[in-house]
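Student: Right, I'll just put the structure down here and ask away after.
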Amino acid sequence: MTNNDANNNKMARMIAALDRLVNYFIPAKINADRDARNRAHVFLISHILGPFIGSVVPIALYVLDPHPDFAVAILALSIGAFWVFPFALRAGVPYNPLALISIQNLIFCILWSCYFYGGVASPTVPWILTIPLLAFFYLGSSARLRLIAIGMFAVNVAVFSAFYTHGFPTRNDLPLAALQGLGIVSTIAASLYVAMMAIYYANVQASQAELESKMREHMTIAAELRTATAEAERAGAAKAEFLARMSHELRTPLNAVIGYSQILLEEAEDEGDDGSVVDLTKIHSAGQHLLKLVNEVLDLSKIEAGKMELDLREANVAELLDELVHATNPAAAANGNEIVLTIAADIGTRRCDPMKLQGMVRQLLDNAVKFTENGRIDLAARIEQGTANDTLVIDVIDTGIGVESSRIDQLFENFSVADDTSTSKYGGTGLGLALSQKLCTLMGGEIFVESELGKGSRFTVQMPVPALGLDVVASGPLAPRADAANLPPARTPVTANG
């Protein structure tokens, strides 16, 4: 490290220490206002370092004056009194009155030294130039406070002039060499003081300008973000409108394809045309798959656009789930699976949105069927009693391929599948679980997942079901059950984040 680097580091440490000292004296109320904080910084620097420079004058008078008297002592005490002001500011004395008192003390010091050491020709007269400078630094842009400071100076000068012109004796007995020496010392001290204040004020202004530049940059970025947000909202609205318009246009031809293929398939089966049956079955299955995909995309878009609403009414939960099992049994049987439905006796009729409840559970069942071969899928439903709402708990448990714990958090993302191998082997777009999670959230519930690779998975739905005739009451997070049947113990359920 060179000497220059060492000196620069030393200077930087000194400045940092001075800043810490200055900040110690600034009250929190002033520190919260940028302009007030800047004025307080200049004020405190002036009162911490200024007395060191100003004390040179009484020291010079004491050395140069053959007969120093009380005038030197009072001047020294007045200059030393500036060190009291930082403590007064920290103690809570209001800043503006304190700044005016400080200016008055400075005026007194200057006029006192002029009166006793040369009058209007005193070597300390140059210090008068610091009065308007400090008024500008201390009081900022307040015209009222500046007028008060100017008025104070005028009153002090009037009093000084009255004493000076009405025969009160002044000190004019200093030797010429002493006056010259005092003039040199006083001028140098005043110049140093003014230079110190000007440099510090310039640094404050430079820091403020840099801060304002950064603020303008942040404001520009914020404006760009607002513009981007508005554009995204417009794009989202256009997307929602497009999907709403296309919903009918997409579903109508697909329903026609599925319907006519079903008619042709039944006719081919009646006629014993096995070749046509195979082809028509593929067409019918492909149409149903495409319709399911279209419905999922449209439902997801509708939820994300905030356009989907709940249709709450009384529904027999057991019948809803039984219908789902019967609808899913053919696909489960094709994979060699058995679906076992277990419904608690007290589940009865509940107030819910039956279509969305079925849609949510259907996605979970389809997922279990798809990733399970020659296994068992349990669909169980029960009610947990609560104070505000009862809680409907639905478990979908399979003995399928399972999921690695590190990938559980990704299950409910749009277009997310376990891995590329699963996609090629089992197919699917990864929309089913995302839709089930969003439907569950829409109905005020949550989905929890427990899974172990190669041993199966358990999806637990918990959602509030109010008593008949009551509206849904928002509920907080619900704890999943710990008795994860057919799964190894000591696993932590993961809450899906939509």
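None of the figures in this text is laboratory data; all of them are computed from the coordinates on show. Note that this is a predicted model, so its numbers are computed, not measured. Please note: Cβ atoms are built from the backbone with ideal geometry, for glycine as well, and neighbour counts cover all protein chains shown.
Student: Label 7 Å along Cα→Cβ of Ile188; segment 53-84 residues with amide nitrogen under 19 Å?
Tutor: Output list for this probe position: 53-65.
Student: Can you tell me the FRET efficiency between Ser276 and Asp311 if r is taken as the Cβ-Cβ distance and R0 is 45 Å, rounded to the nearest 0.05? The partial results should precede the final answer.
Tutor: On the way: r = 41 Å, r/R0 = 0.91.
Using R0 = 45 Å, I get an efficiency of 0.65.
Student: Also, quick follow-up: Checking the a/c ratio against 1.5 first, then a/b against b/c, what shape does the Cα gyration tensor give for segment 69-152? Intermediate values should be presented prior to the final figure.
Tutor: Values: a/c = 2.93, a/b = 1.40, b/c = 2.09.
Oblate, because a/c is 1.5 or more while a/b does not exceed b/c.
Student: What is the spin-label model distance, in nm, from Asp322 to Glu373 if the labels are put 7 Å beyond Cα along the C-beta direction?
Tutor: It is 3.4 nm.
Student: Between Ala143 and Glu224, what FRET efficiency comes out of the Förster formula 1/(1 + (r/R0)^6) with R0 = 35 Å and r the beta carbon distance, rounded to 0.05?
Tutor: On the way: r = 39 Å, r/R0 = 1.10.
Calculated transfer efficiency: 0.35.
Student: So, in nm, how far is label Gln385 from label Leu176 when the simple model puts each one 7 Å beyond its Cα toward the Cβ?
Tutor: It is 11.4 nm.
Student: Now for a separate question. Between Asn203 and Glu231, what FRET efficiency follows from the Cβ-Cβ distance if R0 is 51 Å, with the result rounded to 0.05? Intermediate results must be reported in sequence, preceding the final value.
Tutor: Details: r = 42 Å, r/R0 = 0.82.
Using R0 = 51 Å, I get an efficiency of 0.75.
Student: To continue, here is another question. Would you mind counting up the charge near Gly140? Only other residues with Cβ under 15 Å from its Cβ, with Lys and Arg at +1 and Asp and Glu at -1. Write down the numbers at each step before the final one.
Tutor: Numbers: positive: Arg34, Arg37, Arg39, Arg144, Arg146; negative: Asp33, Asp35.
Residues near Gly140 contribute +3 overall.
Student: Continuing with this model, one more query. Multiplying the sequence separation of Ala121 and Ile101 by 0.36 nm and subtracting their Cα-Cα distance, what value in nm do you get? Numbers along the way, then the final one.
Tutor: Numbers: separation 20, 0.36 × 20 = 7.20 nm, distance 2.63 nm.
Once the chain is fully extended between Ala121 and Ile101, it gains 4.6 nm.
Student: Bin width 5 Å, origin at 0, all Cα-Cα pairs of segment 3-223: what percent of pairs per bin?
Tutor: Taking all Cα pairs of segment 3-223, the binned fractions are 1, 6, 13, 16, 17, 15, 11, 9, 6, 3, 2, 1, 1, 0, 0 percent.
Student: Further question on the same structure: In nm, to one decimal, how far is the Glu249 label point from the Leu77 one, both placed 7 Å along Cα→Cβ?
Tutor: For the pair Glu249/Leu77, the computed spacing is 9.5 nm.
Student: Starting from one equal scatterer on each C-alpha and no solvent at all, send me the Debye-based log10 I(q)/I(0) for segment 1-94 at q = 0.15, 0.16, 0.18 Å⁻¹, two decimals.
Tutor: Debye intensities relative to I(0), on a log10 scale: -0.74, -0.79, -0.87.
Student: Let me ask you something else. By a straight-distance test (C-alpha under 18 Å), which lysines pair with Lys438 as possible cross-link partners, with residues fewer than eight away in the same chain excluded?
Tutor: Lys292, Lys302, Lys307, Lys356
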